[in-house]
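Below: the structure, in structure tokens.
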Amino acid sequence: MTGSELLLAASLDALLGDPRWFPHPVRGMGRLIAWCDHHVRAWCRSSDALRAAGLTLAVGLPLCVFVLTHWVMSAAESLSAWFGSLASIGLAWTTLAGRDLWDHVHAVDNFLQAGDLPAGREAVSMIVGRDTADLSESEVARATVETVAESAADGVIAPLFYLVIGGAPLALAYKAVNTLDSMIGHRDEHYIDFGWASARLDDLANWIPARLAATLLIIGAGVVTGRRESVRIGWRVFRRDGSKHPSPNSGRPEAAMAGLLGVRLGGTNFYDGIAQERPILGEEGRSAETGDISSAAKVMVAASVLGTFFAVGMKWLF
């Protein structure tokens with residue numbers, strides 16, 4: 001993939017996002033994962049069998065996605081260089097989710113700004129996995145800010161990272177890993193065996209991108225706000241609290257965002273009515289407020305633009 005192709009793919013994401021009419025590969029991956037989850041349980045009864053099936057799916061799906069994407073690009077290239085370039089741009093576009101995240105986040109923000117908390121809860125339920133029916137306005141804001149930080153990593157920076165080192169085939173393989181983790185990589189009783197391999201592979205795939213994302217969020221905040229003090233606090237909270245999160249990766253960008261905005265993230269979340277405690281990130285900060293949503297979104301955009309420029313620059317240089 002060339003730098004120009006990468007720039008065009010990022011531009012398509014910024015302009016069009018994720019049109020619902022478009023046959024997005026990730027939605028196809030999701031349907032396949034759901035089918036496997038349903039049918040494997042009919043065949044695999046023991047813990048060992050589920051773990052073996054989970055390992056096969058965790059490795060097999062990304063590998064198949066990589067091979068199929070490479071074949072599609074090769075077939076397009078065989079028709080003409082122009083078709084090959086078009087395929088590369090189009091497939092790369094599907095790996096980026098910055099505009100879609102922006103749209104969802106601003107839907108939440110608009111409802112809260114209008115004083116419509118029930119609609120805000122409904123909107124935030126589209127981008128988080130926790131129970132949202134009883135969230136307060138501050139809790140909706142916190143959930144949104146946390147999602148902005150985490151999704152900046154796995155929805156923008158990680159795909160850019162893999163587009164640079166392996167083009168659309170590797171970036172789509174990463175999306176398969178990330179989709180597996182989001183659907184079955186949970187630590188509850190239902191998925192502890194079947195999803196263990198997907199969760200561990202996602203941890204590995206996001207190790208570098210999560211730390212890059214945190215760094216870019218901090219730099220991006222400096223560009224957006226020009227406040228050196230918030231950048232300093234963001235860096236301090238990132239280094240101090242980033243490792244507190246149960247995930248080896250999610251806490252890095254969330255801690256950075258907590259410090260940049262001066263808010264407390266983490267705390268009690270409910271999943272299917274069951275309370276789960278998350279460590280507090282940025283404990284010296286205040287409770288999240290509605291205004292923090294747009295601030296977080298602006299920082300995310302700045303980090304995404306910086307990440308895109310760095311990625312394109314790397315392709316042009318090397």
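The values are calculated or read from the model by the stated rules, or taken from the named source; none is laboratory data. Keep in mind that what you see is a predicted model, and the values were worked out from it rather than measured. Heads up, the Cβs are rebuilt from the backbone with ideal geometry, glycines too, and the neighbour counts pull from every protein chain shown.
Report whether or not I184 is of a type in the set (A, V, I, L, M, F, W, C), touching a Cys at 6+ places or on another chain (Cβ under 9 Å) and surrounded by fewer than 24 Cβ atoms within 10 Å (Cβ to Cβ).
Against the criterion (of a type in the set (A, V, I, L, M, F, W, C), touching a Cys at 6+ places or on another chain (Cβ under 9 Å) and surrounded by fewer than 24 Cβ atoms within 10 Å (Cβ to Cβ)), I184 qualifies.
Mind checking which residues of segment 60-72 are surrounded by 15 or more Cβ atoms within 10 Å (Cβ to Cβ) and β-branched (V, I, T)?
Within segment 60-72, V65, T69, V72 meet the criteria.
Quick one: how many residues across segment 111-128 are part of a helix (DSSP H, G or I) and either aromatic (F, W, Y) or within 22 Å of the chain's Cα centre (by Cα) (or both)?
Looking only at that region, the number is 6.
With the requirement that a residue be outside any helix (DSSP H, G or I) and either over 23 Å from P169 (Cβ atoms) or in contact (Cβ under 8 Å) with a residue 24 or more places away in the chain (or both), what does segment 23-56 give you?
If the condition is that a residue be outside any helix (DSSP H, G or I) and either over 23 Å from P169 (Cβ atoms) or in contact (Cβ under 8 Å) with a residue 24 or more places away in the chain (or both), then H24, C44, R45, S46 are the ones that fit.
Could you figure out which of (1) surrounded by 24 or more Cβ atoms within 10 Å (Cβ to Cβ); (2) closer than 26 Å to A10 by Cα isn't true of A141?
Against the list (1) surrounded by 24 or more Cβ atoms within 10 Å (Cβ to Cβ); (2) closer than 26 Å to A10 by Cα, A141 comes up short only on (2).
For the condition out of contact with any Gly (no Cβ under 9 Å at 6 or more places or on another chain) and among the aromatic types (F, W, Y), what is the one hit in Y174, Y191, Y162?
Sole residue among the options that is out of contact with any Gly (no Cβ under 9 Å at 6 or more places or on another chain) and among the aromatic types (F, W, Y): Y162.
If you go through segment 10-26 one residue at a time, do you hit one that is among the acidic types (D, E) and modelled with pLDDT under 95?
There is at least one residue in segment 10-26 that is among the acidic types (D, E) and modelled with pLDDT under 95.
Read through the list (1) under 14 Å from R142 (Cβ atoms); (2) in a helix (DSSP H, G or I), then give the number of the only condition that V312 fails.
(1)
Might you check whether a residue that is surrounded by 20 or more Cβ atoms within 10 Å (Cβ to Cβ) and polar (S, T, N, Q) occurs anywhere in segment 73-88?
yes
With V108, V59 as the choices, which residue is in contact (Cβ under 8 Å) with a residue 24 or more places away in the chain, under 30 Å from W196 (Cα atoms) and either among the aliphatic types (A, V, I, L, M) or in a helix (DSSP H, G or I) (or both)?
It is V59.
Check T215, T308, T225, T268 and return the single one that is in contact with a strand residue (DSSP E or B) (Cβ under 8 Å, 6 or more places away or on another chain) and either surrounded by 15 or more Cβ atoms within 10 Å (Cβ to Cβ) or among the polar types (S, T, N, Q) (or both).
Result of the check over T215, T308, T225, T268: T268.
State whether the residues of segment 210-228 include one that is touching a residue at least 24 places away in the same chain (Cβ under 8 Å) and within 17 Å of A58 (Cβ to Cβ).
No: segment 210-228 contains no residue that is touching a residue at least 24 places away in the same chain (Cβ under 8 Å) and within 17 Å of A58 (Cβ to Cβ).
Does any residue in segment 111-137 that is exposed (fewer than 15 other Cβ atoms within 10 Å of the Cβ) come within less than 6 Å, Cβ to Cβ, of a residue that is among the β-branched types (V, I, T) and part of a helix (DSSP H, G or I) six or more places away or on a different chain, and which pairs are these?
none
Could you tell me whether A258 is of a type outside the set (S, T, N, Q) and either within 20 Å of S294 (Cβ to Cβ) or touching a strand residue (DSSP E or B) at 6+ places or on another chain (Cβ under 6 Å) (or both)?
In short, yes.
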